[in-house]
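Notes to accompany the following structure.
The values are calculated or read from the model by the stated rules, or taken from the named source; none is laboratory data. Just so it is clear, the structure is predicted and the values come from calculations on it, not from any experiment. For neighbour counting, all protein chains shown are included, and Cβ atoms are generated from backbone atoms with ideal geometry for every residue, glycine included.
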């Protein structure tokens, strides 16, 4: 099948994916028999274009890089909003790359529902719909006979989620545990080098790892959102995103870090989920002292890692980036290629 | 589709898979819509049975565990050899779990070809056919419209191969590098604790990690076979299994290990493959001093690890077991579930 793609949102991730698609188009066709056209881009701020026979992705990327928006592209229908784009274009694959709202999940949840109800495949990196409504949305996808993917919602393009969902299917996952927030891991790594918490945070902000308001990262809420997604989708849990106990790194001092190291340990912000005997799943986020010879102890800087404990394989750990334009863009591509693989053969 | 499975070979791996299938049958049906019957087992030593409507896997496993063979099972056709089992039973999925011969690849190559020519899916853990004839066999699978999988040929059930083939499709893999032989890694780990090479080897043999003749492990040939499989299947190389330079661990002394540790390094037997600018791939096996803060440095004992270097994600590392009855049995199950996933939807 040929994919007609619509981008809902054309920010950092959308542009990252566009770069990869442009660079790899020929290779993807030859190697994975994957062919596509981008027929629509709809962004509330940068502008919207639709052309049934395909847009010039290269020119759109140049426009947004030069001007910050898509104005003046021309030779296509202008101005369709996200819902009209999802419903009324000839796109058969919708990419939900708009902004994340973890309180309401909107407008992303409506985008995803609309796509599924219109029997269009959907790939997203937006945590909102997955954190708040994943089961309902998966049921809707099944009902409509289309695919829904969301690898980029956890550890960006590092295939932690699909590893658990697909590669480890049947392995009997009893636990997931890891470092799923790069900002706090970077801060802890810098504190070990001698910086105070405040200076390490400032440096993280300067490098773009931490936001101006770092609360979501340093208090553990971002990590909590990710472990809840993993628990609910990979381990069959039914956790709400605010339920599990959550403690961030703000109470860890330089002294704590030095003392742990002397004892052969390293403080890490750990997110975990564990299957209980009664079939329920407990999750948590908290700082833990990890022995230096444990794989998670040596994950430094903004890198992420996740260990699945399984019945038949013991521990399987995956390590990779947890954020970034190209890694998150790639997350979308990997989901698209998986859909291409599933529905072709 | 319902899978009718034939086991060709019922040794350690086949029995491991049988245990997992028995334990998980209900769960696999519910969770992955995977249903199966084992219709045939053909083992040159233990005996062969075929029953169109399905054999009693539990009883077969009990028989082999009690008596070391399948004699006296009854109520089924006895004595069909592997080729007749592949061709003339109603099996639509063949598991090639017979012995490995890395010189000729036989009889496994003939088993695989026969299955594919008879339009039957095939899963194997046997390195022979993959090391010697993977491209020809993949072409034959494509020609006959059936699937061929071989996750268990590298790092047993740790999904290193399918990670590279599927999850990282399109990521632009430029390098694969890792610890892919558990025996040598165990020996090096024990030498660091103070054992001599000879004593560490003896201990590995006692624990079943090393064979009576340890040549294939300690001289690096086993690792070389695995990196050649990875290079050829994941990175599109055309290496023959004896071509790349190969050096084992027999020259490493306890002194070398102690000295490296003082300097902040650890000796590891590294297998690597690297894409060159001209599109060819260089591979090698050799001991390398790895910095202690590198993820591969802290892989101890019989554990394996592989790092893919990619264009869009940087480094992705996977860590897990490299051998064992249940891990290798699971490798087969994961391939079967992937086929189930591909051909259903």
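Taking the criterion of being free of Cβ contacts under 8 Å to residues at least 24 places away in the same chain and touching a helix residue (DSSP H, G or I) at 6+ places or on another chain (Cβ under 6 Å), the residues of the stretch B:185-200 that qualify are B:190, B:200. Would you mention how many residues in the stretch A:215-234 are crowded, with 20+ Cβ neighbours inside 10 Å and either more than 18 Å from residue A:303 (Cα to Cα) or in contact with a strand residue (DSSP E or B) (Cβ under 6 Å, 6 or more places away or on another chain) (or both)? Total meeting the criteria: 10.
Residue-level analysis places residue B:147 among those that are within 14 Å of chain A (Cβ to nearest Cβ), over 13 Å from the mean Cα position of the chain (by Cα) and surrounded by fewer than 24 Cβ atoms within 10 Å (Cβ to Cβ). Within the stretch A:80-91, none of the residues are closer than 23 Å to residue A:241 by Cβ and surrounded by 24 or more Cβ atoms within 10 Å (Cβ to Cβ).
Strands (runs of 3 or more DSSP E) fully within the stretch B:264-345 that include at least 2 residues being under 30 Å from residue B:20 (Cα atoms), more than 7 Å from every other protein chain (Cβ to nearest Cβ) and in contact (Cβ under 8 Å) with a residue 60 or more places away in the chain: B:303-310. Hey, any hits in the stretch A:295-312 for a residue that's surrounded by 17 or more Cβ atoms within 10 Å (Cβ to Cβ), at pLDDT 95 or above and farther than 24 Å from residue A:152 by Cα? Yes: one or more hits. The residues of the stretch A:200-213 that are surrounded by fewer than 20 Cβ atoms within 10 Å (Cβ to Cβ) and part of a loop (DSSP other than H, G, I, E, B), listed by number, are A:207, A:208, A:211, A:212, A:213.
Quick one: residue B:47 ticks every box in (1) surrounded by 17 or more Cβ atoms within 10 Å (Cβ to Cβ); (2) free of Cβ contacts under 8 Å to residues at least 60 places away in the same chain; (3) touching a helix residue (DSSP H, G or I) at 6+ places or on another chain (Cβ under 8 Å) bar one, so which box is it? For residue B:47, the failing item is (3). I'd like to know if the stretch B:182-192 contains one or more residues that are closer than 30 Å to residue A:152 by Cβ and within 12 Å of chain A (Cβ to nearest Cβ). There is no residue in the stretch B:182-192 that is closer than 30 Å to residue A:152 by Cβ and within 12 Å of chain A (Cβ to nearest Cβ).
The residue list A:55, A:60 contains one member that is away from chain B (no Cβ under 14 Å), in contact (Cβ under 8 Å) with a residue 40 or more places away in the chain and either touching a strand residue (DSSP E or B) at 6+ places or on another chain (Cβ under 7 Å) or more than 27 Å from residue B:169 (Cβ to Cβ) (or both), which is A:60. Note on the stretch B:174-190: residues that are closer than 18 Å to residue B:259 by Cα and surrounded by fewer than 24 Cβ atoms within 10 Å (Cβ to Cβ) total 3.
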